[in-house]
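Novice: Submitted below is the structure of interest, expressed as structure tokens.
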2 protein chains.
Amino acid sequence: MSEVYAVRRTRLRECCNAGGSAAALVSRPANVRYLAGPAPEGAVLLLGRTEDLLVCAGPPDDRAPHNRPDEALRLHVMPGIGGDPAVAAAGLAAGQGADSLAVEEHHLTVARHREIGSVAPRLRLAGIAGAVEQLRVVKDEEEISCLRIGAEIADQALGELLESILVGRTERHLALELERRLVDHGADGPAFPTSVATGPHAGRPGHRPTDRRVEEGDFLSVCLGATYRGYRCEIGRTFVIGTAPADWQIELYDLVFSAQRAGRESLVPGAACRDVDRAARQVLDSAGYAEALPVLTGHGVGLEIDEDPQLTPAAMGKLDACVPVTVEPGVHLPGRGGVRIDDTLVVRPEADGGPELLTITTKELLAL
Amino acid sequence: MSEVYAVRRTRLRECCNAGGSAAALVSRPANVRYLAGPAPEGAVLLLGRTEDLLVCAGPPDDRAPHNRPDEALRLHVMPGIGGDPAVAAAGLAAGQGADSLAVEEHHLTVARHREIGSVAPRLRLAGIAGAVEQLRVVKDEEEISCLRIGAEIADQALGELLESILVGRTERHLALELERRLVDHGADGPAFPTSVATGPHAGRPGHRPTDRRVEEGDFLSVCLGATYRGYRCEIGRTFVIGTAPADWQIELYDLVFSAQRAGRESLVPGAACRDVDRAARQVLDSAGYAEALPVLTGHGVGLEIDEDPQLTPAAMGKLDACVPVTVEPGVHLPGRGGVRIDDTLVVRPEADGGPELLTITTKELLAL
């Protein structure tokens, strides 16, 4: 595993050197994890002129083997208490004789940036923009395997919930039960706050569970995900409560299903992100739901639940093989509810069987 | 309630005007909530030259009455999608004719700050440092009442756990069960990730629950808190598993209890923060545990779980009446475990009965 991290750091170093910086300071937690392995909270990574250092405010806990930072990296534990590892790292960079340091300006606050400037006044501070985020877009098979296990866990948790009695239970209870089941099945924890939306709430993206109880005739939409070894996946499904869905429910469900399928089927290496978005969006658009549509129809997943690429009408760029993304169109009708269907898939060439579906829970409309 | 928010905004405006800024942009979520009430995610508050605005990326959800932003504030919902409310607010400030804007440099990233500068190039950007955080330190009785209810909820959840069988259950399961019970009793959610630490993990501050199971003879330390209407409290207790604690366990417990009591008893209006820290710390120090002590022995709580004041050896400043703080000394012995005892209290003058203990679960050493 150590070699993987070293290769990633080499790629970032090349990118910084090309930009004229001898050293780089990585502070955004998911980026530190990508380049250094699981690190203590608040740790930063210095790609130094003479040596790379993982700078932490305190010693790491005793941790399970898969939960330790890369052993090839030297750990610099700050001597005092309460200091800022980013500031300390800048001092160390200057001590190594670097004259410029590339920092993550999209993560450091103005106040921290200024403090870095004041401890190392001779250091020219440059930006590395989203360099590490760009490296993170295409995943290796080890990363995809973590996502696959996370997706299995989420499928299991959801499957068990569907076997229980739902009517009369609140959104909040169902969400908590799902999160407990994720952990039962081996997740580090939920990948994001679990969303359970009933009746008029159903289909609303990012709905926060309330005390509303599940009722006969409701749409019930659920969105959850597991974190496994740091990697986060996502699944969303919509169900109907009761013996028979109403006609409008069947129609709306079929429509969203078609849109989601169109999105999934357009996931090929080389496809423009905006074209994937359009494939899903135009199905809903042409059925008259242009107003009810969310901002995006999907996004990358990995060490964070919302990564590049973004599948939106204005997105630039194309999909590569081995990029995991969600496809999650939905329609929400204020006061009535709605439908969302959300899968995590990995872009694969057609020769390898096309997009790999990680979240395999059925997408038939179940009446529960 | 609306008047409360208006008074808070007036105080901040006075502070900004004194610093030479006609307008202020508040972006840190807890600060926005303090000045504007519960706001949609990512919303920012503009204290403008002619009018105050709550700037949001999208319309607020339909929400419960106690979960809506201050109705006296005009809502500015951004027309496009995917924009940054802070950048939009700067444009609105310029449009109101402001020539300077105070921003939260400890919250805005370098990249956002630069974008603000580029949409409103004539606006001089100044800093408001921790002005809102300072306003937040002393709480009103409404805020304290939310903390009190949150503490009752945490006490209930912990009390119920103690009645169940613990041996053989994992730290992760116990933590999840506590979080479920918090929500059952009316919390918005946990105030921070619940910590359950058994055996050699016990007493470690901020321990993340693992799959270790509770065993006979273990120390078991638990730290949890409820969020109630946005306000976060904290309670920590340590127990012994089995019929009779060992002598070293009793001794260590008594010592930490004495330290915690010394800290609690020193909570009077006008006390220096470092003296409260020292009162607790020196009990442990003089028993030979100087090395095993954490960085702080307590901190403020409120809309965030870790606010000013900090109770540390280097802390500046004094305690005022109506400041809620934790007192949470502990000792962790690597390989053996340890003890933490943590209460949330409100500083009150002696004439009002002295410090008000919000978390009332017993601090006797219970053998479970």
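Novice: In whole percent, what relative contact order does chain A give with Cα contacts below 8 Å and a gap of six or more residues?
Specialist: Relative contact order for chain A comes out at 14 percent.
Novice: Taking 8 Å as the Cα distance limit and 6 or more residues as the minimum spacing, I'd like the relative contact order of the stretch A:95-175 as a percentage.
Specialist: Worked out over the stretch A:95-175, it gives 28 percent.
Novice: Averaged across the residues of B:205-212, what count of C-beta atoms belonging to other chains lies within 10 Å of each residue's C-beta?
Specialist: 2
Novice: If you don't mind, another one. Show the residues, 5+ positions off or on another chain, whose built amide H is closer than 5 Å to the amide H of residue B:210.
Specialist: B:171, B:172
Novice: Of A:121, A:149, A:72, whose Cα points farthest to the positive end of the dipole of the stretch A:45-204 (charges on the beta-carbon: +1 Lys, Arg; -1 Asp, Glu; origin at the Cα centre)?
Specialist: Most positive-ward Cα: A:121.
Novice: Between the stretch A:295-318 and the stretch B:331-368, what is the separation of their alpha carbon centroids in Å?
Specialist: 47 Å
Novice: Right, another one. Enter the angle in degrees (range 0 to 90, nearest 10) between the Cα long axis of helix B:2-18 and the first principal axis of the Cα atoms of chain B, meaning the one along which they spread out most.
Specialist: Roughly 70 degrees between the two axes.
Novice: Related question: Using amide H atoms built 1.01 Å from N in the peptide plane, name the residues 5+ places from residue A:70, or on other chains, whose amide H lies under 5 Å from its own.
Specialist: Excluding prolines and chain starts, which carry no amide H, the hits are A:37.
Novice: In debye, nearest 20: dipole of the stretch B:2-136 around its Cα centre with unit charges on the Cβ of K, R (+) and D, E (-)?
Specialist: Charge dipole of the stretch B:2-136: 240 debye, to the nearest 20.
Novice: GluC sites (Glu not before Pro) within the stretch A:296-368: which are DSSP loop residues with at most 15 other Cβ atoms inside 10 Å?
Specialist: A:364
Novice: So how compact is chain B: Cα radius of gyration and Dmax in angstrom?
Specialist: Computed over the Cα atoms of chain B, radius of gyration and Dmax are 22.8, 72 Å.
Novice: Related question: Quote the Stokes-Einstein diffusion coefficient, in whole µm² s⁻¹, for the stretch B:258-363, based on the Kirkwood radius over alpha carbon pairs, a temperature of 10 °C and a viscosity of 1.306 mPa s.
Specialist: Roughly 115 µm²/s, to the nearest whole number.
Novice: Could you pull the copy-to-copy label distances for residue B:19, with points set 7 Å along Cα to Cβ, in nm to one decimal and sorted shortest first?
Specialist: Here the equivalent label points are 2.9 nm apart from this one.
Novice: Still on this structure, I have one more. Which whole-Hz couplings ³J(HN,Hα) result when phi for each residue of the stretch B:256-265 is put into the Karplus expression 6.51 cos²θ - 1.76 cosθ + 1.60, θ = phi - 60°, listed in order with x for Gly and Pro?
Specialist: These are the phi-based 3J(HN,Hα) values: 5, 4, 4, 5, 5, 5, 4, x, 4, 6 Hz.
Novice: At 222 nm, what value in deg cm²/dmol follows for chain A if DSSP H runs of at least 4 each add -39500 (n - 2.57) and the sum is divided by all its residues, to the nearest 500?
Specialist: Taking each H run of at least 4 residues, the total per residue is -10500 deg cm²/dmol.
Novice: Can you list the copy-to-copy distances for residue A:58, using a point 7 angstrom from Cα toward Cβ, in nanometres, shortest first?
Specialist: Label point to label point, same position, other copies: 3.8 nm.
Novice: Also, I was wondering about something else. How would the protein assembly as shown be classified by its alpha-carbon gyration tensor: rounded, prolate or oblate, with rounded meaning a/c under 1.5 and the a/b versus b/c comparison settling the rest?
Specialist: rounded
Novice: Mind sorting A:223, B:146 by how few other Cβ atoms lie within 10 Å of their own Cβ, fewest first?
Specialist: Result, fewest neighbours first: B:146, A:223.
Novice: Let me know the charge dipole size of the protein assembly as shown about its Cα centre in debye, to the nearest 20, where only the beta-carbon of Lys, Arg (+1) and Asp, Glu (-1) is charged.
Specialist: I would put it at about 1660 debye.
Novice: Would you mind checking which residues have amide H under 5 Å from residue B:217's amide H? H placed 1.01 Å from N; only 5 or more apart, or other chain.
Specialist: B:241, B:242
Novice: Would you mind working out the magnitude of the charge dipole of chain B relative to its Cα centre, with +1 at each Lys and Arg C-beta and -1 at each Asp and Glu C-beta, to the nearest 20 Debye?
Specialist: The calculation lands at about 980 debye.
Novice: May I ask you to sort A:343, B:275 by Cβ crowding, counting other Cβ atoms within 10 Å and putting the fewest first?
Specialist: Result, fewest neighbours first: B:275, A:343.
Novice: Continuing with this model, one more query. What GluC sites (Glu not before Pro) in the stretch A:172-238 are in a loop by DSSP, with at most 12 other Cβ atoms within 10 Å of the Cβ?
Specialist: Taking the stretch A:172-238 and a limit of 12 other Cβ atoms within 10 Å, the loop GluC sites (Glu not before Pro) found are A:216.
Novice: Tell me which lysines have Cα within less than 23 Å of residue A:139's Cα, excluding those fewer than 8 residues away on the same chain?
Specialist: A:318
Novice: Residue by residue through the stretch B:278-288, which ³J(HN,Hα) values in whole Hz follow from phi under the Karplus form 6.51 cos²θ - 1.76 cosθ + 1.60 (θ = phi - 60°), with glycine and proline marked x?
Specialist: Calculated HN-Hα couplings, in order: 5, 4, 6, 5, 6, 4, 6, 4, 6, 8, x Hz.
Novice: Find the centroid of the Cα atoms in the stretch B:113-139 and in the stretch A:216-243, then give the distance between the two in whole Å.
Specialist: Their Cα centres are 39 Å away from one another.
Novice: Please give the helix B:171-184 orientation as an angle from the longest Cα principal axis of chain B, in degrees from 0 to 90, rounded to the nearest 10.
Specialist: Once rounded, the angle reads 60 degrees.
Novice: Enter the mean number of other protein chain beta carbons within 10 Å of the beta carbon of each residue in B:175-181, as an integer.
Specialist: 3
Novice: A follow-up question, please. What list do you get for A:241, B:341 if you sort them by fewest beta carbons within 10 Å?
Specialist: Placing the least packed residue first, the sequence is A:241, B:341.
Novice: Counting pairwise Cα distances across the stretch A:141-357, what percent come out greater than 24 angstrom?
Specialist: Beyond 24 Å sits 40 percent of the P(r) for the stretch A:141-357.
Novice: Relative to the other copies, what are the label-point distances for residue B:247, with labels 7 Å from Cα along the C-beta vector, expressed in nm at one decimal and sorted shortest first?
Specialist: Values, ascending and in nm: 8.4.
Novice: Let me ask another. Go through the stretch A:200-205 residue by residue and turn each phi into a ³J(HN,Hα) via Karplus (6.51, -1.76, 1.60, θ = phi - 60°); whole Hz please, and just put x for glycine and proline.
Specialist: Per-residue couplings from phi come out as x, 7, 4, x, 7, x Hz.
Novice: Sticking with this structure for a sec: Note the angle between two axes, namely the Cα long axis of helix B:85-95 and the longest principal axis of the Cα atoms of chain B, as a number of degrees from 0 to 90, rounded to the nearest 10.
Specialist: 30 degrees
Values quoted throughout were computed directly from the atomic coordinates according to the rules given, and no laboratory measurement underlies them. Small disclaimer: the values here were computed from a predicted structure and weren't measured. Note that we place each Cβ from the backbone using ideal geometry, even for glycine, and neighbour counts take in every protein chain shown.
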